[in-house]
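What follows is one structure encoded as structure tokens, with my remarks underneath.
Read-outs: derived from the displayed coordinates by stated rules, not from any lab. Predicted, not measured: the structure shown is a model, and the values here were computed from it. Glycine also receives a Cβ, built like all others from the backbone with ideal geometry; neighbour counts cover every protein chain displayed.
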Amino acid sequence: MIKTIIFDLGNVLINFKPAEFLMQFTDNIFEINDFVKKVPKSKIWFDLDRGKLTVKEAYEIFLKRYPEKGELLNLFFKENKWMEMLTPIQKNVDILRDLKINGYGLYILSSFIEEAFSYVQSIYEFLSLFDGGVISYQVGTIKPEKTIYRILLQQYNLNPEESLFIDDHKVILKPARQLGMKVIHYQPDTDLREELRKFSVKI
Ligand SMILES: [Mg+2]
């Protein structure tokens, strides 16, 4: 029986769509795709998730490495403009509230940057519905590295057999499954209520 539901944040509860976000600055799709590859999908960004760098430090590294992208980098990073793309996915936030009412233990397992997590915590009260969670920057490891899943299970004494993990990346679900958790691969057109009901979750 499922007692615990574990949520990813990015593109499950909170939008993270850098390409769409960049369209307000340029309509050059090649420029956008190149920027996404070199910035929010780069190793440096993963180091942000790991808490190894501050956003300011990463911004400086990117500027030095890609001077030709200076203008777009400034538009993206200045006053943390990029964090504006971190908007709630309301239909899933509603599900989260219903799961809370129905008595499920709710946890976060997310690769997220410290400054961005502080930002979303300060503006979205739904994050207080969680009973706990592990965010990558706190532990220096990111999904799909198995350690972060183990930390979550151990820290809250969760039984993987009674836990259901929701993430939008298949590769991230694999370690969860290997550790004995049930999983849902969430996509924008997924009916999450229906998927949860397949595991006999009351929703
Ligand atoms: Mg995600």
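Observations
- Backbone N under 13 Å from the Y156 label point (7 Å along Cα→Cβ), restricted to the stretch 1-40: 3-9
- C-alpha long axis of helix 146-155 to longest principal axis of the chain, angle in °: 50
- Computed helical MRE - 222 nm, the chain, DSSP H runs ≥ 4 contributing -39500 (n - 2.57), nearest 500: -12500 deg cm²/dmol
- Gyration tensor verdict on the stretch 76-149 (Cα atoms; rounded if a/c is under 1.5, prolate if a/b is larger than b/c, oblate otherwise): oblate
- Rounded to 5, the percent of DSSP beta bridges in the chain classed as antiparallel: 5
- Other-chain or far-sequence residues with amide H under 5 Å of I184's (modelled H): F165, I166, D167
- When M181, M23 are sorted by how many other C-beta atoms sit within 10 angstrom of their C-beta, beginning with the fewest, the order is M23, M181.
- Taking Cα atoms only, the orientation of helix 90-101 departs from the longest principal axis of the chain by about 30 degrees.
- When restricted to Cα atoms, the chain yields an Rg and a Dmax of 17.5, 54 Å, respectively.
- Length-normalised contact order for the chain - Cα pairs under 8 Å, 6+ apart - percent: 29
- Degrees, to the nearest 10: 55-65 long Cα axis against longest axis of the chain: 50
- Per-bin percent of Cα-Cα distances, the stretch 18-85 [5 Å]: 3, 17, 30, 30, 15, 4, 0
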